[in-house]
Amino acid sequence: MMTEPEADCRLCDLYRKRTHLVLPTGDKNSPVALVGEAPGENEDLQGTPFVGRAGQILNKILEEIGLPRSQILITNTVKCRPPVNRIPMPEEMAACRPFLDSELYDRKVIVGLGKSAVKDLLGYEGPMSQIVNTRQHIRIKDRDILFIPTYHPMACVYKPDAREQLKLTLIMVKEEFLS
Ligand code: URA
């Protein structure tokens, strides 16, 4: 069962500037969850994760590998847009964590898209190049769940190698968990 924030959630200060809460999209029963950083401007306006520039990049890669968005769960570390798209602060991620945990609890694999997700879920703050596409395990309540760190779609804009790595992550999870 997923626990959602109240519509007027004020558990952290991000409520002050938000238009919409941005809740998970996709298949609520999928074995696979992708966790991004935080909603951006378009996500805040539409109330849906990954619908702006990062979403277009993600959609293109998913299309290339034949993996429909409707087969996976897509969410973020925090459900409200940080002002001027700054990185979410630890206390904001902590306030939203119970909701994230409830979204992730039933998954077979969790993909951390970029530094914020990897920091929040794995506690790792080093270079992404050291950890990308490794198999980690994280504890979500009483469960150990496979966690794969990878690049954020926005990190792929001018970095073909990051794009290749992200694509590889998604091919891997598709073949292993969705075929
Ligand atoms: N970037 C993210 O990390 N998440 C979104 O939902 C949009 C952009």
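At a glance:
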quantity: Some residue of region 107-118 being among the polar types (S, T, N, Q), modelled with pLDDT of 95 or more and buried (at least 22 other Cβ atoms within 10 Å of the Cβ); calculated: no
quantity: Residue identified as modelled with pLDDT of 95 or more, crowded, with 17+ Cβ neighbours inside 10 Å and more than 16 Å from the ligand (Cβ to nearest atom) among Ile171, Ile140; calculated: Ile140
quantity: Number of the exception - Ile74 against (1) more than 19 Å from Tyr151 (Cβ to Cβ); (2) within 8 Å of the ligand (Cβ to nearest atom); calculated: (1)
quantity: Residue check, Ala38 surrounded by fewer than 17 Cβ atoms within 10 Å (Cβ to Cβ) and either modelled with pLDDT under 95 or not charged (D, E, K, R) (or both); calculated: no
quantity: Every residue from region 1-51 that is in contact with a Cys (Cβ under 6 Å, 6 or more places away or on another chain) and within 26 Å of Lys167 (Cα to Cα); calculated: none
quantity: Qualifying residue in region 56-65 (condition: surrounded by fewer than 17 Cβ atoms within 10 Å (Cβ to Cβ) and in contact (Cβ under 8 Å) with a residue 60 or more places away in the chain); calculated: yes
quantity: From the options Leu34, Leu62, Leu21, residue that is within 18 Å of Ala94 (Cβ to Cβ) and either part of a helix (DSSP H, G or I) or of a type outside the set (Lys, Arg) (or both); calculated: Leu21
quantity: Leu100, sole failed condition from (1) touching a residue at least 40 places away in the same chain (Cβ under 8 Å); (2) buried (at least 22 other Cβ atoms within 10 Å of the Cβ); (3) in contact with a Pro (Cβ under 7 Å, 6 or more places away or on another chain); calculated: (3)
quantity: Segments classed as strands (runs of 3 or more DSSP E), wholly inside region 84-159, with at least 3 members that are of a type in the set (Gly, Ala, Ser); calculated: none
quantity: Residue within region 9-22 that is within 10 Å of the ligand (Cβ to nearest atom), crowded, with 19+ Cβ neighbours inside 10 Å, at pLDDT 95 or above and at negative phi present; calculated: yes
quantity: Filter pass, Arg69 being under 14 Å from the mean Cα position of the chain (by Cα), more than 18 Å from Ala155 (Cβ to Cβ), away from the ligand (no atom under 16 Å from the Cβ) and surrounded by 14 or more Cβ atoms within 10 Å (Cβ to Cβ); calculated: no
quantity: Per-region count, region 23-54, residues small (Gly, Ala, Ser) and either more than 10 Å from the ligand (Cβ to nearest atom) or out of contact with any strand residue (DSSP E or B) (no Cβ under 9 Å at 6 or more places or on another chain) (or both); calculated: 6
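The values are calculated or read from the model by the stated rules, or taken from the named source; none is laboratory data. Note that this is a predicted model, so its numbers are computed, not measured. Counting neighbours? That spans all protein chains shown, and the Cβs are built from the backbone with ideal geometry, glycine included.
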